[in-house]
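Any read-out appearing in this document is the output of simple, stated calculations on the displayed coordinates, not a laboratory observation. Everything quoted here is computed from the prediction, not taken from an experiment. Quick reminder, even Gly has a Cβ in these numbers, built from the backbone with ideal geometry, and neighbours come from all protein chains shown.
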Amino acid sequence: MAITGLIMVGFLLMHMYGNLKVFLGAEAFDHYAHWLKGDILYPLIPSGWFIWIFRFVMLAAIVLHIYSAAVLTGRAHRARGTKYVTSKPLQQTYAARTMRWGGVILAGFLVFHLLQFTAQVIKTGWNSGAGPYEMFVVSFEQWWLVLAYALWMVTVCMHVRHGFWSAFATLGANTSATTRKWWNIIAWAVAVILYVGFMIAPVAVLIGGVR
Amino acid sequence: MNITLRVWRQANANAQGAMQTYQLADVSPDMSFLEMLDLLNEKLTVEGIEPVAFDHDCREGICGMCGVVINGSAHGRGSSPVPTTTCQLHMRSFADGATIDIEPWRAGGFPVIKDLVVDRTAFDRIIQAGGYISVNTGAAQDANATPVPKVDADRAFDAATCIGCGACVAACPNGSAMLFTSAKITHLAMLPQGQPERWSRVKSMVAQHDAEGFGGCTNIGECAAVCPKGIPLDTISQLNRDLMHALFKPDGK
């Protein structure tokens, strides 16, 4: 759970950084997108293989993460089958409480996201053969898509807010009350950086800063 | 004080339980929570109603026997900044005319025996699985013959203050007993006397914890918030560190 989660947080940070290329113009963004599917690590591995190895690792991380979550949820339901009539949470955060359903919701939107931009089955306003930059701009000129992504990123960043600190605690890095505070501050920072970093480009497209 | 109590009544382990409402008058604010329950039971006895069964022993906050969920928080700490056991909670913490909900610990590893009494022998089995050290009997060695660094001694003592009341399990949304298990792991892992069994202990105690039907830890922190002894959440990270280390150690014969 912790290791696969941190792999995905690492991916999110890279993905966010890559998206910011949209501010450098169509040529830079498309070149970057093609490079991802091109000859990374060539000639160590054949050209074009990297993206498939990368996708396999990400898929494995997602599957193992969901499997771990399902096992933990099952154990929790057996251990707390009977609910309290009255319950008063003292410590838990909203993010921690919504990890399970939040995870299901964000995974559902991930499927849409992949069908939209990776498989290109769901076309939000562009025609077949459109480049990555064109897809990005045409999509986020529509306010409802920006809103949908803004809401999705709230669920993603809340998940990261608790997940990031929790992963390090599980791996044994919570050594005192002070380190716990710092892990939570860093988790907040990562979540906020991800939110701002991901949403700044779609919002820029929407208000006409990028076209 | 006049208070309204809503108490979980359950005749036995297999019976269907329900919340029952009782009115209680003339409660002194100086009474402890358990003395208030004694008052209730005297009243019920006079009225010919079966008294409410609840666990208690020392009533000094040091034995770990008492413990009920009061208004949704284990041991009834509520919004108070001071951690407490049920016996050390006093009626002055409640307003006159208040309605107080009293429920037993709820966890898969803690089946209800009767009313507010739960079976906590799962904790004994977790301790039996590894919460001990091996020492030679005979003449005890000099008290200071084995030096222990101050930092380690402090951590061991802090963890050793666990009284095994089970509030951590009761408060955990996952029904996990990780705070209890990690307190014993940390207590013994910090001391030289605990080293011989250190790596086998963590594996067998965690295995027993899981076998008892407790849930897994997701680092929410409710356990440490209700712990009357203030066992810190970082003891769970100590358990995780030891467990990961132990995975690279042979099990032996």
Inset, instruction - Hey, can you tell me all the residues within the stretch B:68-85 that are touching a strand residue (DSSP E or B) at 6+ places or on another chain (Cβ under 7 Å) and more than 10 Å from chain A (Cβ to nearest Cβ)? - result: B:68
Inset, instruction - Six or more apart or on different chains, Cβ under 8 Å: which pairs go from a residue in the stretch A:174-189 that's among the basic types (Lys, Arg) to one that's crowded, with 18+ Cβ neighbours inside 10 Å? Could you list them? - result: A:180/A:165; A:180/A:169; A:180/A:174; A:180/B:233; A:180/B:234
Inset, instruction - Filter the stretch B:198-218 down to residues that are crowded, with 18+ Cβ neighbours inside 10 Å, of a type in the set (D, E, K, R) and more than 12 Å from chain A (Cβ to nearest Cβ) and give me whichever is farthest from residue A:77 (Cα to Cα). - result: B:198
Inset, instruction - Show the residue pairs that are 6+ apart or on different chains and have beta-carbon atoms under 8 Å apart, the first residue being within the stretch B:70-82 and touching a residue at least 24 places away in the same chain (Cβ under 8 Å), the second being among the acidic types (Asp, Glu) and crowded, with 16+ Cβ neighbours inside 10 Å. - result: B:70/B:101; B:71/B:101; B:72/B:101
Inset, instruction - State all residues of the stretch A:169-211 that are small (Gly, Ala, Ser), in a loop (DSSP other than H, G, I, E, B) and surrounded by 15 or more Cβ atoms within 10 Å (Cβ to Cβ); if no residue qualifies, say none. - result: A:172, A:173
Legend entry - Residue count, the stretch B:112-162 (criterion: under 17 Å from the mean Cα position of the chain (by Cα) and of a type in the set (Gly, Ala, Ser)): 4
Legend entry - Scan of the stretch B:86-112 for residues that are over 28 Å from residue B:177 (Cα atoms) and at the interface with chain A (Cβ under 9 Å from one of its Cβ atoms), ordered by number: none
Inset, instruction - Test residue A:135 against the stated conditions and say whether it is farther than 23 Å from residue A:184 by Cα and touching a Phe, Trp or Tyr at 6+ places or on another chain (Cβ under 7 Å). - result: yes
Inset, instruction - Scan the stretch A:118-137 and report the pairs whose first residue is among the basic types (Lys, Arg) and whose second residue is assigned to a helix (DSSP H, G or I), with Cβ atoms within less than 6 Å and a gap of 6+ or a chain change. - result: none
Legend entry - Residue among B:97, B:61 that is more than 23 Å from the chain's Cα centre (by Cα), in contact (Cβ under 8 Å) with a residue 60 or more places away in the chain and at positive phi: B:97
Inset, instruction - Report whether or not residue B:158 is without any contact (Cβ under 8 Å) to a residue 24 or more places away in the chain and in a helix (DSSP H, G or I). - result: no
Inset, instruction - Determine if the stretch B:17-33 includes at least one residue that is over 29 Å from residue B:109 (Cα atoms), more than 14 Å from chain A (Cβ to nearest Cβ), out of contact with any helix residue (DSSP H, G or I) (no Cβ under 8 Å at 6 or more places or on another chain) and assigned to a strand (DSSP E or B). - result: yes
Legend entry - Enumeration of residues in the stretch A:1-40 that are outside any helix (DSSP H, G or I) and within 20 Å of residue A:204 (Cα to Cα): A:25
